[in-house]
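The values are calculated or read from the model by the stated rules, or taken from the named source; none is laboratory data. Keep in mind it's a predicted model, so treat the numbers as computed, not measured. Don't worry about glycine lacking a Cβ; one is built from the backbone with ideal geometry, like all the others, and counts go over all protein chains shown. SASA here: full protein model, heavy atoms, side chains in, ligands and nucleic acids out. Shrake-Rupley method; radii C 1.70, N 1.55, O 1.52, S 1.80 Å.
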Amino acid sequence: MTMPSEGLPAEGMAGAAPGGSISDARAGGALADDAASADASVEVVHAAVTSEPLDEAAARAAVDAADAGAVVLFSGVVRNHDDGRGVTRLTYTAHPTAEATLRGVVETVIAEHGQAHGASERAMRVWIAHRIGELAVGDAAFVCAVSAAHRGEAFRLCSDLVDRVKAEVPVWKEQFFEGGGSEWVAALG
C-alpha cells in the first residue's frame, strides 16, 4: 500500500490492495465490491478528486519504477480561449460522489484493460486526479500518469482512463470570459 509522499495531498490518497483493487490508504478498506475483477498487475497509487493543486512531477514520480520502460503523463490544463473567446479562469464543481465514481471508473477500466489485453509483463502503476475549485489559465485540472514495461500499454491505459473519467465522473466546468460573462460546459458526455 502506498502512503502519501511529499508533494501529494494526504486527503483522498489511494493505494493498491492485494488483487489490484483500489483502497483508501487511511482506512485500508476496499472500495470495489468485485475486487477480483481488477487486473492484479495494475497498482493504483493515487485516485482522487481534490481542491489541492495537482503536481505533474509528483504524479510521474509516484508511478516511476525500475521496471517501467514507459511513463505516460496526461495533463489537462486550463487554456486561455474557447470557441474564439478569451477565457480568464475556470471553476470546477463536483458532485459529492465524484471521488467514489472516479475510483469506480478506474477499477472498471483496469479490469476491462486486463480482459482485453491480458496481464502486463511487469506491474503497471496509475496516478490520477481531478482538481475542483477555481483554476487560473495554465493550472492543471486533470492529471493521469501511467507507467508500464512498454509504451503501447501505458498509452492505451492512460488514454482509456482519461476518456472514461471525462465521460463518467460528475465534475462540471464553468468558464469565465474576458470582458465578463461565464458559461457552464458539459463535462459529461
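Count of region 63-87 residues, restricted to those that are open to solvent by 70 Å² or more (accessible area, probe 1.4 Å) and within 18 Å of ALA141 (Cα to Cα), is 6.
Here LEU90 meets each of (1) touching a helix residue (DSSP H, G or I) at 6+ places or on another chain (Cβ under 7 Å); (2) part of a strand (DSSP E or B) with one exception, condition (1).
Here region 154-173 is the region considered, the condition is being within 16 Å of HIS117 (Cβ to Cβ) and small (Gly, Ala, Ser), and the residue that is most open to solvent (accessible area, probe 1.4 Å) is SER159.
Any chance you could count how many residues in region 142-170 are within 10 Å of the chain's Cα centre (by Cα) and assigned to a strand (DSSP E or B)? Final tally of qualifying residues: 5.
Scanning region 104-161 for residues that are charged (D, E, K, R) and closer than 26 Å to PRO53 by Cβ gives GLU107, ARG125, ARG131, GLU134, ASP139, ASP160. Whether any residue in region 80-87 is under 19 Å from LEU54 (Cα atoms) and of a type in the set (A, V, I, L, M) is what I want to check. The answer is no, given that none of the residues of region 80-87 is under 19 Å from LEU54 (Cα atoms) and of a type in the set (A, V, I, L, M). Restricting ALA149, ALA66, ALA100 to those that are within 24 Å of SER41 (Cα to Cα), of a type outside the set (D, E, K, R) and without any contact (Cβ under 8 Å) to a residue 60 or more places away in the chain reduces the list to ALA66.
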